[in-house]
Amino acid sequence: MEKAGLLEKLEENVVFRVSRYFFLTLAIISMLVLLIGVFYMGWSLTPSTRGQDPKPVLLTASDVKQHMDTKKSVPSASAVTPASPTADLEESRFNSYVDTLRQLLPSPTYSWEPRESLSEGQYVTDVGIAQRMADFTRNFTDTHESNVALEQLCSVLREFPQEERLKPLEAFIEMYTEQSSAHKEKLDKVEADYQENLMSKASGKYESLIVIASAVSTMAFLAIFLVLLSVQRNIKMLGSK
């Protein structure tokens, strides 16, 4: 009887209390996990926003002059790119800009076709303005982008004397190509970040459901244990009376 009484006291004062605090602690942790899952679910249900697109490339005559003097690129100013009209209108605008360039860079002052010339005892091959423009516009995805660049080019060349427009042409092509490439990289990064955000929130919905379901099932499991411990303790107290 003495041995049984000692075991009952050990069970009453140690086992029940430790078990109770242990399972209560696990229940509180499960409640916190449940709250985290709810907040995670709320975040995953919020709409994804796309980052701000970088400013489009815009070059002026002063930019080209500074580039020719310093041989360094100048950050582009902000500009609003007009909405893309129909393909036929864009093609018409493209041909119009080409005609304007032929007026700004007239033959025979400027060679539009490839030619060779003798300079310092050596033959130098000039690819011609037509090839330069073909290589330049090949960097763009459509006629609209080409027209945006050619419009700026025509505006820039007008600011230089007619007989001194070759170097500004080369400087503009170099600067615009570099800045256009950097602009596309920024656009790609904005799109990649947006798609990654969409994927994160899509996976977050499923993960948060798993977290919430796990927390609820754990709390239910712990509640059963706490109820059993309470019932067993009350039965022993009634039996002792």
> Which condition breaks for residue 164 when tested against (1) without any contact (Cβ under 8 Å) to a residue 24 or more places away in the chain; (2) buried (at least 21 other Cβ atoms within 10 Å of the Cβ)?
Replying inline: (2)
> Restricting to the stretch 158-173, what's the tally of residues that are part of a helix (DSSP H, G or I) and among the aromatic types (Phe, Trp, Tyr)?
Replying inline: 1
> Looking at this structure, is residue 176 more than 30 Å from residue 36 (Cα to Cα), among the aromatic types (Phe, Trp, Tyr) and assigned to a helix (DSSP H, G or I)?
Replying inline: yes
>> Suppose we filter the stretch 69-101 for residues that are of a type outside the set (Gly, Ala, Ser) and modelled with pLDDT of 80 or more; how many remain?
In response: 12
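The values are calculated or read from the model by the stated rules, or taken from the named source; none is laboratory data. Since the model is a prediction, treat every value here as computed from it, not as a measurement. Cβ coordinates were reconstructed from backbone atoms using ideal geometry, including for glycine residues, and neighbour counts include every protein chain displayed.
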